[in-house]
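Working notes, beginning with the structure itself.
Where a number appears in this text, it was derived from the coordinates with a stated rule and is not lab data. It should be emphasised that the depicted structure is a prediction, and the values quoted were computed from it without experimental measurement. Cβ sites come from the backbone with ideal geometry, for glycine too, and all protein chains shown count toward neighbours.
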Amino acid sequence: MVLCAAGIARDSSYPCEAPEEIRSLAIEQVRSRIGAGQDDFFLYKRLLDLTPSVPKPGALAPQFLMPLLANPDADGRMIYLYGRALIGKDTQMAIVKLNDAARKAHALPFTYSALAEIYASRNFGDAEKLLENIREYRSLCPANLDGFRYFDKIADAGETGAWARELRPLLEKSTDPEDGQYWRLLWAAEFRIAPQSDYDTLRTKVAADVKRLEGLPRTGSREQIWVLWDGYKLSGRMDAADRIEREQNASPDFHRVLDAWYVKTGLRGGKPMTDDERQAVYREYAKVTAEWVARWPDLPDTWSIRLASLPGPDGVSNEELERVGDQYLKLIAARPVTGWTYVPPGLSVAWKWALFGIRPRDSVRMAEEALAQIQLGPEEPNDLNAPPNAAELVKMTQFGFDQQVWGAMSTIVDGAAQLKDFDKARGMLATMRLWLNQNEFKKDDRTTLV
């Protein structure tokens, strides 16, 4: 990424929103524009908004530091960008830089929302400073919904009522289906400050809100689902609330059954087994997973477990392996995993298919996509919320991380060989050898794969 060393073009105004054209850009489009030399504060802010803090907090900090070093008299907005980029990596320094930005550009609103985020965290929590900064932000941008993110921290009834009266019309004209958290904050505040005698009137108002929310496009997000659940309960539609609860509790119900089965069969707990006993358990595993996908057909986890149980001691057709993998992929596509994970869900399908020669081209593609995501890690602790033993916890995940890296590379080799793409196979084998050499220091550590 290239940042203008002279700093962002100066102007005296600080809008509360980026231009719509910038707000609609994807991260690759933002990087392309910055790489081409476009110097725009909201373009840089969009880059920060879209760059995840997991697995590497503070990844953009070095790029935002360079123009500051080149121009000590940089605009307060550039100081804000650097300070915000430090959050999670060196949050103590982020506080220093954000306060510097506030002094240099007092009317820049985003500085205060960044400070509020810090003071709302576990490790830097400070209720007084949180409210001080969010009030400052709201005074500058009263129509921005994110100014109400910490509405539940307001204790004074008078201030709560004032915020509620300002928030409601903003939500009523919003068409964003992802505004659920603000509806829930609003309803909680309105009931919190109202006398019990007004509850029926409030329930009628919530019922109208829910009707409006039902008319918005369905995204399938948990936020949208649970705001409807909350609204149904508050407005007395318990049948609709119960339906959502049953649907959302399907996964916990399945995992209770799964855990009980693992314990009963001895697969969990280290129960010694003979070869015959183990074969009998795996035979039952293949049978019971077929029952689970029939009982919970819409849960990705049941199909993932079914895939893991196959082919089983009695075997299974490649057609069944392909069908199970396809169904799992279909379900995870409908509810994609958000954020980074070193266990990309598609990798298990790619590995199983490559093992049995099923759709090798798709197997290679999914394994390459998985490897690219895995190698963004391993994860580093975020100092906003990291527990005291964060380094130990990260080390505990190293085995799983290494295992997934190796599994993805092995799948690419297997699939490429089936496709007779020997250049790709040889290239990945060389990468695997390099990986082993780079990780040789782990060979005496029993907690690692190497």
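The table below gives the values:
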read-out: Proxy reagent accessibility, fewest Cβ within 10 Å first, across F441, F124; value: F441, F124
read-out: Cross-link pairs K129/K173; K287/K443; K395/K424; K153/K173; K129/K233 - those with Cα-Cα distance over 28 Å; value: K129/K173; K287/K443; K395/K424; K129/K233
read-out: Nearby aspartates and glutamates by direct alpha-carbon distance to K205 (threshold 13 angstrom, same-chain neighbours under 8 apart not counted); value: E172, E190
read-out: Dipole moment magnitude, nearest 20 debye, the chain about Cα centre, only Lys, Arg, Asp, Glu C-beta charged; value: 300
read-out: Around F254: net Lys/Arg minus Asp/Glu count, Cβ-Cβ under 12 Å; value: -2
read-out: Kirkwood Rh, angstrom, region 12-65 [1 / mean 1/r, Cα pairs]; value: 12.0
read-out: All Cα pairs of the chain, percent lying beyond 28 Å; value: 65
read-out: Rg to Rh quotient for region 145-237, alpha carbon positions, Kirkwood Rh; value: 0.94
read-out: Neighbour net charge for P311 - beta-carbon separation under 10 angstrom, K R +1, D E -1; value: -1
read-out: Contact order relative to length of region 145-237, as percent, for alpha carbon pairs under 8 angstrom and 6 or more apart; value: 32
read-out: For F422, F399, F148, order by how many other beta-carbon atoms lie within 10 Å, fewest first; value: F422, F399, F148
read-out: Summed residue charge, Cβ within 13 Å of Y342's Cβ, Lys/Arg positive, Asp/Glu negative; value: -2
read-out: Long-range tail of P(r) for region 249-336 (Cα pairs > 20 Å, %); value: 37
read-out: Rounded if a/c under 1.5, otherwise prolate or oblate - region 300-450, Cα gyration tensor axes; value: oblate
read-out: Whole-angstrom gap from region 237-303 to region 364-427, using each part's C-alpha centre; value: 27
read-out: Fewest-first sequence of R84, R237 by Cβ atoms within 10 Å of each Cβ; value: R237, R84
read-out: Distant alpha-carbon pairs in region 209-292 (separation over 18 angstrom), percent; value: 59
